[in-house]
Every structure is written in C-alpha cells, then in structure tokens.
Amino acid sequence: MHVVRLALLCGALAVPSFLGVSQATAASGGPTSAVLAAGTLSVTGAAPGTFSATLNGSDQTVYGTLATYQAVDSRGTGVGWNITFQATQFACTNPTDAGCPVGGDTFATSSLLMAVPTVACHSGTSCISHAAPPTISVGGTTAVDSGSAVKVASAAVNKGMGTYDFTPGTISTGNLQLNVPGGAYATTYHSTLTVSAVSGP
C-alpha cells in the first residue's frame, strides 16, 4: 500500500518552478484626488408678515412675524461672511394709497425693530472647525429701518463654511415690532426689508 501524506501549509503557497507557473504578486495602489468646485454664498427666507392696527389717537406698538432664514456658504474660500438686515422707512404715496395725503407720509426712522435671532448648524453640516457656526452680532432689540444696514450675524475667516438655520427671536407676541404714531393717516404704509449675505466677517 502506498500512503500519500497531505499537509496544509499556512501562508503563501510555494509553486515549484519546474511546473512552469510564475508567482502572482499583489498590485499596489496609486494616487487619487478630489476636485471640488466652488459654490456660492446665499441667504434665503426671512419673509416679513403684515402689520395691522386701528388708529385711536395715541402712539401704538404692533407686532408682526418674520420667517426663519438660512445662510449657505459653499464657496470653499474661508473668507467669512455676514448677514445684514435693512428696511426702508414705512411710507404711503399719493395717489397710490387711498387716504395718503398729497406728497405722501412716512413713519420716523427706527420705527421697525427686530428681536435677537438664534442660529444652528443645518443637518449635514458638521458644526466644527471650518464649519463652526457664525456669531450673532446684535445684542438686543434692534431697529432695522434707521438708514444703514444692520449686521445680524458674522462668520469669521475660516468659519461658517456650510449651511446654517436662523430662528427669529420674539418681542412680545411677534418677531418684529412696529411703532405706529398716533398722528398716522388711515391708509397703507409700505416698507421693503432686504436681507443680504455679504462676503467677509
């Protein structure tokens, strides 16, 4: 009887050269790259609601809503950015607005005020390092119709690279406060709120 012994070897299998089979070697990896195209800087949302009041001969304070808003910095530059609010004076025009006097009328500047907002990183933004959120730049209730843009939030250099959600603060029963003079005309006064995303902290 001829006995053949089989052995299981752990490790590489040695192939006898006399079989004429060459040994295979593992291929090594090579370099790769990630090419990232620049996006944009933008802010969306922040639509203001409408105010209403019934004149009673005295100055009044009325409140309105402000929608949430979102800032996105996908430029990939790290130069920072800021969000500004600026509203025009509330005004009526004649003959467009019934009841407005000839020559029109305006509320005093600083009649429209906003509460301090809060900001949070949007889902999908890491919220650390270059994606650290911006800081709020207003410390209290602030007039936004004084003639100059008001910086509401600011992302420092190499921060704020991502998407951020802003929630308006609350003043009494609203997010915006309007001071209506007792001597206003019974008409419609208009204002335009401009919210801008500006490059640089």
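Bear in mind that the values in this text are calculations on the coordinates, not laboratory data. As the structure is a prediction and not an experimental result, all values here were calculated from the model. Note that each Cβ is placed from the backbone with ideal geometry, even for glycine, and that neighbours are counted across all protein chains shown.
Which of ILE83, ILE128 comes first, and how do the rest follow, when ranked by fewest Cβ neighbours within 10 Å?
The fewest-first ordering by Cβ neighbours comes to ILE128, ILE83.
Taking θ as phi - 60°, what are the ³J(HN,Hα) couplings along the stretch 48-65 by the Karplus curve (6.51, -1.76, 1.60), each to the nearest whole Hz, with x for Gly and Pro?
Karplus values, whole Hz, x for Gly and Pro: x, x, 9, 9, 8, 7, 10, 4, 9, x, 10, 4, 10, 10, 10, 10, x, 9.
Relative to the present Cα-Cα distance, how much length would full extension add between THR44 and SER110 at 0.36 nm per residue of separation?
On the way: separation 66, 0.36 × 66 = 23.76 nm, distance 2.42 nm.
Between THR44 and SER110, full extension yields an extra 21.3 nm.
In the chain, if the dipole is taken from +1 on Lys/Arg beta carbons and -1 on Asp/Glu beta carbons about the Cα centre, which of VAL43, VAL180, GLN60 is farthest to the positive end?
VAL43
Considering Cα pairs under 8 angstrom that are at least six residues apart, work out the relative contact order of the stretch 39-199 and quote it in whole percent.
Across the stretch 39-199, relative contact order equals 39 percent.
Above 16 Å lies some portion of the pair distances; for the stretch 42-106, what is it as a whole percent of all C-alpha pairs?
Result: 69 percent of Cα pairs exceed 16 Å.
Dividing the Cα radius of gyration by the Kirkwood radius, what Rg/Rh value follows for the stretch 39-199?
Over the Cα atoms of the stretch 39-199, Rg/Rh equals 1.06.
Give, rounded to the nearest 20 debye, the magnitude of the charge dipole that the chain has about its Cα centre when Lys and Arg contribute +1 at Cβ and Asp and Glu contribute -1 at Cβ.
Working: 4 positive and 6 negative charges, 195 e Å.
Dipole about the Cα centre, nearest 20: 940 debye.
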